[in-house]
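Enquirer: I have a structure here, written as structure tokens, and I will follow up with some questions on it.
The values are calculated or read from the model by the stated rules, or taken from the named source; none is laboratory data. Being a predicted model, the structure only gives us computed values, none of them experimental. Every residue, glycine as well, gets a Cβ built from its backbone with ideal geometry; the counts of neighbours run over all protein chains shown.
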Amino acid sequence: MKTRRVAILGSTGSIGSQTLEVVASQPSLSVCALAAGNNWRLLAEQARQFRPEAVAVASPESAEAIRSAAGAGDVPHILSGPDAMTELIHRTHPDVVLSGVVGTSGLAPTLAAIECGATLAIANKETLVMAGAIVMPAAHAAGVPVLPVDSEHSAIFQCLLAGRREQVRRIVITASGGALRDWPGEKVEKATVADALKHPTWSMGRKITIDSATLINKALEVVEAHWLFDMPAEQIDVVLHGESIVHSFVEYCDGSAIAQMGKPSMTTPISYALSWPERFERQVAPLDLATAGKLTFSALSDRFERAVRLGHAAIARGGAAGAVLNAANEAAVEAFLAGRIRFGRIVEMVETVLNQTPPVTEVTLEALLRADSWARTQVQELI
Ligand code: MG
């Protein structure tokens, strides 16, 4: 297989570490760049093992810490500061940029990757939710492939290979239901951070685990699917599937539904994004459906429906609504994690702010960034 130099943004997070696992097992992949927030110890360890040309960290203090901890000659080029990830990409010119950062900080480096002509492997759904209207046309214009790493979207991407775009009747995203799936409504209202972080099937970062418990993760994924696959809101559905084995499916005009299945492990979609259009040979235990016994599906409860519909509403509103949905949610989740609001208020607040989205005359990066900070302010006022 053709060799590829990979840049990993968010290398110390859940997606980043699993990407490094995949890279370590594939001789055709090498790491040219790593970027992390402030977990400099782990970053330094990763740099020692994977020998990137350069690394990026959030603060100059973290950069200094890496320098002083490492022996002379053992340190790659170190960048820090708010533009470090963007500089990192311009400096190393990767073949593939895998973006596993959380939240809107992924936007600028994503645009930098497109400028450099690197293939985009996107786990950072927030970037697409906020700025899909800018990212996707820019990627198309540059001829840059955008490969989803989100498990549902990786599934849809693969299922769409079974037919032509105009033959698709709808796509159906599966949802595990998160940590509080079977809780009664009154109890959910008061769920603690620890409760909401106990995900039944997936092991992921904190923000996305909370998003899974509110089901806003699916609202974001509806918008993400809209941009990735150029699919109107009314052709995107969500169904509950507790086992997380069917990662999503696509229904065609003749009634045929093509699903993608696999164990709930992010290394599978990561591997696919890094090998596409080929597939890597990997040492994984086979999917044993006989042992799984049965796969269950059910319609969304009212609480879940309310959260998921925020995605459809954001698409229908257009303009800066995606940016508002994403930013209001980020702010509300932060407030919940900090113990400032009850769990039950997250969806309520996001809905309130989304409904007041100010109109924009033209969807520019500046307009989206303005909408983003407007939404965060609105959430603070509601708190
Ligand atoms: Mg997902």
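Enquirer: State which residue is surrounded by the most Cβ atoms within 10 Å (Cβ to Cβ) when the search covers only the stretch 123-167 and only residues that are within 13 Å of the ligand (Cβ to nearest atom) and farther than 27 Å from A320 by Cβ.
Expert: Only one residue fits best here, namely A155.
Let's see how each residue does on (1) modelled with pLDDT under 95; (2) under 20 Å from E126 (Cβ atoms); (3) part of a helix (DSSP H, G or I); (4) over 22 Å from the mean Cα position of the chain (by Cα):
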{"position": "H312", "(1), (2), (3), (4)": "no, yes, yes, no"}
{"position": "V324", "(1), (2), (3), (4)": "no, yes, yes, no"}
{"position": "F336", "(1), (2), (3), (4)": "no, yes, yes, no"}
{"position": "F343", "(1), (2), (3), (4)": "no, no, no, no"}
{"position": "E351", "(1), (2), (3), (4)": "no, yes, yes, no"}
{"position": "T357", "(1), (2), (3), (4)": "no, yes, no, yes"}
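Enquirer: Go through the stretch 361-379 and count every residue that is in contact with a helix residue (DSSP H, G or I) (Cβ under 7 Å, 6 or more places away or on another chain) and either assigned to a helix (DSSP H, G or I) or polar (S, T, N, Q) (or both). Spell out the reasoning first.
Expert: Filtering the stretch 361-379 down to residues in contact with a helix residue (DSSP H, G or I) (Cβ under 7 Å, 6 or more places away or on another chain) leaves 363, 365, 368, 371-372, 375-376, 378-379.
Next cut, either assigned to a helix (DSSP H, G or I) or polar (S, T, N, Q) (or both) only: 365, 368, 371-372, 375-376, 378-379.
Total meeting the criteria: 8.
Enquirer: Given the condition among the hydrophobic types (A, V, I, L, M, F, W, C), under 18 Å from A335 (Cβ atoms), crowded, with 24+ Cβ neighbours inside 10 Å and within 12 Å of the ligand (Cβ to nearest atom), answer yes or no: does some residue in the stretch 224-241 qualify?
Expert: So far as the stretch 224-241 goes, no, none of its residues is among the hydrophobic types (A, V, I, L, M, F, W, C), under 18 Å from A335 (Cβ atoms), crowded, with 24+ Cβ neighbours inside 10 Å and within 12 Å of the ligand (Cβ to nearest atom).
Enquirer: From the list A194, A213, A175, which one is over 19 Å from the mean Cα position of the chain (by Cα), of a type in the set (A, V, I, L, M) and not assigned by TED's automatic domain parsing to the domain that holds A338?
Expert: Exactly one of A194, A213, A175 is over 19 Å from the mean Cα position of the chain (by Cα), of a type in the set (A, V, I, L, M) and not assigned by TED's automatic domain parsing to the domain that holds A338, namely A194.
Enquirer: Looking at the stretch 204-215, which of the residues that are in a helix (DSSP H, G or I) and within 12 Å of the ligand (Cβ to nearest atom) is surrounded by the fewest Cβ atoms within 10 Å (Cβ to Cβ)?
Expert: Per the stated criteria, the residue is T209.
Enquirer: Name, by its number, the condition in (1) buried (at least 24 other Cβ atoms within 10 Å of the Cβ); (2) part of a strand (DSSP E or B) that does not hold for L107.
Expert: Status for L107: all satisfied but (2).
Enquirer: Out of (1) within 18 Å of I15 (Cβ to Cβ); (2) in contact with a Phe, Trp or Tyr (Cβ under 6 Å, 6 or more places away or on another chain); (3) not acidic (D, E), the odd one out for I208 is which?
Expert: It is condition (2) that I208 fails.
Enquirer: Ok, one more. Need the failing condition index for S271 against (1) assigned to a helix (DSSP H, G or I); (2) assigned by TED's automatic domain parsing to the domain that holds S176, just the number.
Expert: (2)
Enquirer: Here is a further query. Is it true that some residue in the stretch 124-146 is within 15 Å of A36 (Cα to Cα) and under 19 Å from the mean Cα position of the chain (by Cα)?
Expert: Step one: filter the stretch 124-146 for residues within 15 Å of A36 (Cα to Cα), giving 124.
Those still in the list that are under 19 Å from the mean Cα position of the chain (by Cα) too: 124.
Looking for residues that are within 15 Å of A36 (Cα to Cα) and under 19 Å from the mean Cα position of the chain (by Cα), one finds at least one in the stretch 124-146, hence yes.
Enquirer: Quick one: how many residues across the stretch 37-67 are of a type in the set (G, A, S) and not in a helix (DSSP H, G or I)? Can you show your working first?
Expert: Here is the first cut: in the stretch 37-67, the residues of a type in the set (G, A, S) are 37, 44, 47, 54, 56, 58-59, 62-63, 65.
Okay, now just the ones that are also not in a helix (DSSP H, G or I), so 37, 54, 56, 58-59.
Total satisfying the criteria: 5.
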